[in-house]
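What follows is a set of notes on a single structure, which appears directly below.
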Amino acid sequence: MRRYHVTTFGCQMNAHDSERIKGLLEDLGLGEAATSEEADVVVFNTCTIREKPDTKLAAYLGEAAASKRRDPSKVIAVGGCYAEAQQERIFSLYPDVDVAFGPGSIAHLGDWLGAGGVGIARGRFGLDDRAFAAELPQHGERSYQAWVQVSMGCNSTCSYCIVPAVRGREQSRRPGDILAEVTQLASDGVREITLLGQNVNSWGRDLLPDIHTEFGELLRACDAVDGIKRIRFTSPHPKDFREPVIAAMAECASVCEQIHLPLQSGSSRILKAMRRTYDRDRYMALAEKLRDRIPDVALGTDIIVGFPGETEADFADTLAVVKEVAFESAFTFVYSPRSGTDAATMADQVPHEVKIERMERLVELTQSIARSKNAARIGRIEEVLVEGPSRTDPTQLRGRTRRNTTVNFTGSAQAGDLVDVIIESSTSTTLRGTQHATASSTVATGPTGVSGRL
Ligand code: SAH
Ligand code: SF4
Ligand code: F3S
């Protein structure tokens, strides 16, 4: 049997797309190999949002090329956002690549491989006839958790961001298609779903005039599906976080008390240059409203440090907002110019050392806030969805709370179980505890396929 291996870079949308790439390859009769070295078809699902994933990919492709020289029948395929950004150039940059495809053209991988070997370099890019990856066969990494794509593309024009150029304009999936998938997942034993879109809460706007709906209504419809115990979504844009979504979050039992709400900067001047279309006050008012309306909500965020023109005063504004909102978690990024974006050619690029020094201060602040937020959970009983053995200590179990914090705990349960855990200690990123005598609920059949890789 021919075997494949998929390496995934980037965001949850790529994690979702990789499951579809795997499903498609399995439909063609390929089995999964444990490493790319052992695989006949090696796929890289790439990201190009910052420079780092580009360099990482170059290293991986170097290794794959060396192994292809030992075994010339090996097929190297490159998909995802970097492939879309480079298009045909990818074949001259990396002559060992056999096939390449953009995020909207995943199905073509099947055409090439299904037709039997690939002799010449082939590429399929472009955003005109994109298809939802969600319509392809699925290979779920975890039997109890699933990604659900609700839209593709993004209509925002954030001046630093490459995503609209490589994923295209926003297109929403029809609610009937999404709900059919969620219902099927629930009957397959999935208990937690994460709804995915580059701007997930603007979902539905482009379905007018045929369908009049919005993201809050979708949350309610998913909440009504039997068997789905937890609903998450990512990423919402602060400009589109409207009342019906807040009301749905507050009222639907399975929608988790967790929101990833990218801030990017705490300076209104920088937010304007970023074209985020909200300012500091509007963001803070939204964060306050969310904390007020959704009891015990955990707020996470993304922040970019060193956007062109960012002064010490702008950065101080970011620190002030971080302190005030007191984020439970934060992903922090050093600004990285992306060719083709407006910010890449802006004057006043911030020197690297300044970016790094600001980043250190920001990380110190976000970690100290997260540490005290997690410490405040000690003594509480948290509902945990079990993911499998702990990564650091196999005698312990690992799972996540509704607020999306990782918990390592002593207990006996299987992946997919929902159990209660008493929290006994904490760090800035994890909680530790012991399973409480009465499990919240347990699944009858033991799910398999636990994978901690993302
Ligand atoms: N659609 C998502 C963005 C996903 S990209 C959203 O709007 O929330 C994830 C994060 O990468 C962004 O939120 C941003 O913080 C960061 N990012 C995007 N472009 C970047 C760049 N050029 N340099 C540094 N960080 C960037
Ligand atoms: Fe990029 Fe902005 Fe769209 Fe997010 S909302 S994907 S940061 S353009
Ligand atoms: Fe990267 Fe593409 Fe996601 S550029 S962050 S994989 S949308």
Checklist outcome for this item: Scanning the range 319-364 for residues that are hydroxyl-bearing (Ser, Thr, Tyr) and within 12 Å of ligand 1 (Cβ to nearest atom), the one surrounded by the most Cβ atoms within 10 Å (Cβ to Cβ) turns out to be TYR335
Item to check | Subset tally (residues that are within 16 Å of ligand 2 (Cβ to nearest atom), out of contact with any helix residue (DSSP H, G or I) (no Cβ under 9 Å at 6 or more places or on another chain) and more than 19 Å from ASN14 (Cβ to Cβ)) for the range 159-216 | outcome: 1
Checklist entry - How many residues, within the range 122-137, are within 30 Å of GLY227 (Cβ to Cβ), crowded, with 20+ Cβ neighbours inside 10 Å and more than 16 Å from ligand 3 (Cβ to nearest atom)? => result 1
Item to check | Looking only at the range 253-273, and only at residues there that are more than 24 Å from SER159 (Cα to Cα) and assigned to a loop (DSSP other than H, G, I, E, B), the one that is nearest to ligand 2 (Cβ to nearest atom) | outcome: CYS256
Item to check | For CYS161: the one exception among (1) in contact with a Lys or Arg (Cβ under 9 Å, 6 or more places away or on another chain); (2) closer than 22 Å to ILE21 by Cα; (3) not in a helix (DSSP H, G or I) | outcome: (2)
Checklist outcome for this item: Reported set for the range 339-368 where residues are closer than 23 Å to SER156 by Cβ, part of a helix (DSSP H, G or I) and not aliphatic (A, V, I, L, M) is ASP342, THR345
Item to check | Selection within the range 11-35 - touching a helix residue (DSSP H, G or I) at 6+ places or on another chain (Cβ under 6 Å) and either away from ligand 3 (no atom under 12 Å from the Cβ) or part of a loop (DSSP other than H, G, I, E, B) (or both) | outcome: ARG20, LEU24, LEU28
Checklist entry - If you go through the range 248-259 one residue at a time, do you hit one that is surrounded by fewer than 21 Cβ atoms within 10 Å (Cβ to Cβ) and closer than 27 Å to GLY102 by Cβ? => result no
Item to check | Selected residue [more than 16 Å from ligand 2 (Cβ to nearest atom), modelled with pLDDT of 95 or more, among the basic types (Lys, Arg) and under 23 Å from the mean Cα position of the chain (by Cα)] from ARG276, ARG280, ARG293, ARG232 | outcome: ARG232
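The values are calculated or read from the model by the stated rules, or taken from the named source; none is laboratory data. Fair warning: this is a prediction, and the values are worked out from it, not measured in the lab. Because the Cβ atoms are built from the backbone with ideal geometry, glycine has one as well, and the counts that use them run over all protein chains shown.
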